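What follows is calculated from the coordinates using simple rules that are stated; it is not laboratory data. All values derive from a computational prediction rather than experimental measurement. When we count neighbours, we look across all protein chains shown, and the Cβ atoms used for this are built from the backbone with ideal geometry, even at glycine.
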Amino acid sequence: MTVDKISSPLHSPSFEDWWARTKAIAGPLSAMLAWLDEDKTAELEQRLRESVAPYSNESGIDLPGLTLLLSAHRQ
């Protein structure tokens, strides 16, 4: 078995763009967010803003990422 680590950073032009994309592609997350009231949703968004702040720069947000690629074969 071989394991390769591939850097896979994610760039987004803004927090709003990143958050909209994340909500759109994460089905279970979207379902959970639908159950939250406005205050809880706002609280969550504020916590996320604080969490991604270290990755923010003049061009948006650059989040680090890592993809693990496993391959194997039978002998």
Hey, Leu33 loosely packed, with under 13 Cβ neighbours inside 10 Å and aliphatic (A, V, I, L, M) or not | no
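May I ask you to list the residues in segment 55-75 that are without any contact (Cβ under 8 Å) to a residue 12 or more places away in the chain and either under 19 Å from Ala24 (Cα atoms) or assigned to a helix (DSSP H, G or I) (or both)? Explain how you work it out, then say what you get.
We begin by selecting, within segment 55-75, every residue without any contact (Cβ under 8 Å) to a residue 12 or more places away in the chain; these are 55, 57-58, 73-75.
Once the filter is applied, which keeps residues that are without any contact (Cβ under 8 Å) to a residue 12 or more places away in the chain and either under 19 Å from Ala24 (Cα atoms) or assigned to a helix (DSSP H, G or I) (or both), segment 55-75 yields only Tyr55.
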Count, please, the residues in segment 46-63 that happen to be within 13 Å of the chain's Cα centre (by Cα) and surrounded by 12 or more Cβ atoms within 10 Å (Cβ to Cβ).
-> 7
Can you name the number of the only condition in (1) loosely packed, with under 11 Cβ neighbours inside 10 Å; (2) within 16 Å of the chain's Cα centre (by Cα) that Ser12 fails?
-> (1)
Which ones in segment 25-54 are part of a helix (DSSP H, G or I), under 28 Å from Leu70 (Cα atoms) and either touching a residue at least 12 places away in the same chain (Cβ under 8 Å) or not β-branched (Val, Ile, Thr) (or both)?
-> Gly27, Pro28, Leu29
